[in-house]
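Report on one structure; see the data block that follows.
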Amino acid sequence: MLYACTSSPPSKEPGPDITKTALDRAEAIAASIALPKIPSTRIDLVEFSGKAPDEEGSHDFREDIEKAIAALVAQGGGTLFFPHTRGKNAWVKQVETYRVKGPIHLKSNIRLAFDPNLRLYFEFDPASYMLPGGTLRRYEGTTMFSFSPLIYAFDEKNIAIVQEKGAGVPAKIDGDGMRWQRWAVEQDGKRRSRGLKPSYEAIRDVNHRDTPLKDRIFTDVNTDVFRPQLISFFMCENILMDGVQMENSPFWMVHPVFSKNMVFRNLIFDGPVVNNDGFDPESSSHVLIENIIFNNHDDNVAIKAGRDKEGRDGVQVAGTLLQDIDNEYIKDGRLGGPTTHVVVRNCTFRGHHAVAIGSEMSGGAHTVFIYDNVGPQQVKNALYLKSSRKRGGTIQDIYMFNNRLNYVESVVALLPNYDGDQESPFIPTFKNVWVINTQVKTSNHGIRIKGWPGKPIAGVTLTHVSIDSVRKEEHLSIQNVKDLTLDRVVIEGKAYDQVINQVDSTALPEKSM
């Protein structure tokens, strides 16, 4: 074992009281989130456009959708309804496609509502998603102007994307992501052949140089290879997504940024494309994620808060559309902030990490509750906190309880060395983490908690945690921790009841990427 210094077993009964307190706090956060209020005005897209969807997606509905949204906005808002041509009660009902080439930008007080057995298909065509001047978005923790997310809203309130009640398979939002992935690989290959850095490295340089936002313009379709998110809400409030399925996204799937009061429930993710995270709430607050079925190539839930210099200090917004906006995430002319008050409950995880915090978390994350979830197949880490010395930031007050998983790489992985950097000065802080009443059948690595010398991971409690079998490594891989409490932790039948304080100035945490 890597740890050497232990004290006597815990003297208190930590389980029930902590769980009840955490549950009460989580339920209070969920109850505080107001659902959007949408006016009763309603437009039927087929009646409005004079076009009908079909199995092949013969018509491009983008212009009709734009006109319909504008008509609703002129009346104060309302619902844009996407009907199936055979109605709600037909037994034989093929999936019909509303094809669009280009993004849909939503406005305040707008609700998109879909019949079952429909597909909203965003056809691949990079030029159609590059609007004049670019669209304000965050890409891997760095804010810039570039390709528009496929569904997008900026500085708007009261927005809903839902499926109408009725029998049938969930309506699908399809981002044509496989074609975007091939395009990105080809275009970055062309950049390399010209002696240029890949786009993702170029945008990191912009971040590290503290380039003002007004100069972060990446609008060359052939050179700036920044795949768009499927859905992004930027600086929005009162959001609801309910009942639809998302698949084949070009990049991250649902990405709220600098937003608050959001409910995402009763959704399905099918994300086979590289970097198809499910949810990435970033620099946002009061987020409820519940009753979701995940199947993602990348993280199921990844809580983020900006990257490196921008995440720590914000980005300068003078000279942009943000300079005159009064918003809690803009302070002293800089845009940034943490992610807080997130609830993840009653979800089914499959794919990469179940819940990750980081790695773009330089702005910090706190007050996160993860409970009553299951992982019937396989995920990597059940709870994964990740950062690096380049990023800094603080992750604290994380509560994970009442979860059941089948097969994981690690039950808990608190690893603040994501990229292997050992020289940068911004050592992240991980503290105050509770994992309670969590059962796992099989794990490769058990529990891994590996802090940095000079800044140990502090205040971690694991209670009533069981792992039936561990395949590869030792049960506990621990270094540079303070006040790690193990209470009724049982791994392959062996009980661990102790408080661990282990600090080793020569032990560096392993690279965890």
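The values are calculated or read from the model by the stated rules, or taken from the named source; none is laboratory data. Given the structure is predicted, the values throughout are model-derived calculations rather than measurements. Every residue, glycine among them, receives a Cβ derived from its backbone with ideal geometry; neighbour counts consider all protein chains shown.
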Residue in segment 291-318 that is surrounded by the fewest Cβ atoms within 10 Å (Cβ to Cβ), counting only those that are closer than 30 Å to Asp242 by Cα and β-branched (Val, Ile, Thr): Ile293
Cross-chain or 6+ apart pairs with Cβ under 8 Å, segment 453-478 first and surrounded by 18 or more Cβ atoms within 10 Å (Cβ to Cβ), then in a loop (DSSP other than H, G, I, E, B) and of a type in the set (Phe, Trp, Tyr): Leu476/Tyr3; Ile478/Tyr3
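Which one of these is touching a Cys at 6+ places or on another chain (Cβ under 7 Å), closer than 23 Å to Leu267 by Cβ and modelled with pLDDT of 95 or more: Asn403, Asn300, Asn373?
On the way: Asn403 fails: touching a Cys at 6+ places or on another chain (Cβ under 7 Å); Asn300 fails: touching a Cys at 6+ places or on another chain (Cβ under 7 Å).
Being touching a Cys at 6+ places or on another chain (Cβ under 7 Å), closer than 23 Å to Leu267 by Cβ and modelled with pLDDT of 95 or more holds for just one of Asn403, Asn300, Asn373, which is Asn373.
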Number of the exception - Asp176 against (1) under 22 Å from the mean Cα position of the chain (by Cα); (2) closer than 16 Å to Asp220 by Cα: (2)
Test: residue in segment 418-431 that is closer than 27 Å to Asn295 by Cβ and either at pLDDT 95 or above or in a strand (DSSP E or B) (or both): no
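Looking at segment 416-452, which of its residues are aromatic (Phe, Trp, Tyr) and either in contact with a strand residue (DSSP E or B) (Cβ under 6 Å, 6 or more places away or on another chain) or surrounded by fewer than 17 Cβ atoms within 10 Å (Cβ to Cβ) (or both)? Break it down stepwise before answering.
Residues of segment 416-452 aromatic (Phe, Trp, Tyr): 418, 426, 430, 434, 452.
The answer is Tyr418, Phe430, Trp434.
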Long-range neighbours under 7 Å by Cβ, at least six apart or interchain, first residue under 18 Å from Asp298 (Cα atoms) and among the acidic types (Asp, Glu) within segment 360-388, second surrounded by fewer than 23 Cβ atoms within 10 Å (Cβ to Cβ) and modelled with pLDDT of 95 or more: Glu360/Glu140
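Listed here are the residues, each with its yes/no results for (1) under 28 Å from Arg182 (Cβ atoms); (2) in contact with a Lys or Arg (Cβ under 7 Å, 6 or more places away or on another chain); (3) free of Cβ contacts under 8 Å to residues at least 12 places away in the same chain; (4) of a type in the set (A, V, I, L, M).
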site	(1), (2), (3), (4)
Asn109	no, no, no, no
Asn117	no, yes, no, no
Asp125	yes, yes, no, no
Gly134	yes, no, no, no
Thr142	yes, yes, no, no
Ile151	yes, no, no, yes
Glu156	no, yes, no, no
Single unsatisfied condition, Asn381 versus (1) buried (at least 23 other Cβ atoms within 10 Å of the Cβ); (2) touching an Asp or Glu at 6+ places or on another chain (Cβ under 6 Å); (3) of a type outside the set (D, E, K, R); (4) on the phi > 0 side of the Ramachandran plot: (4)
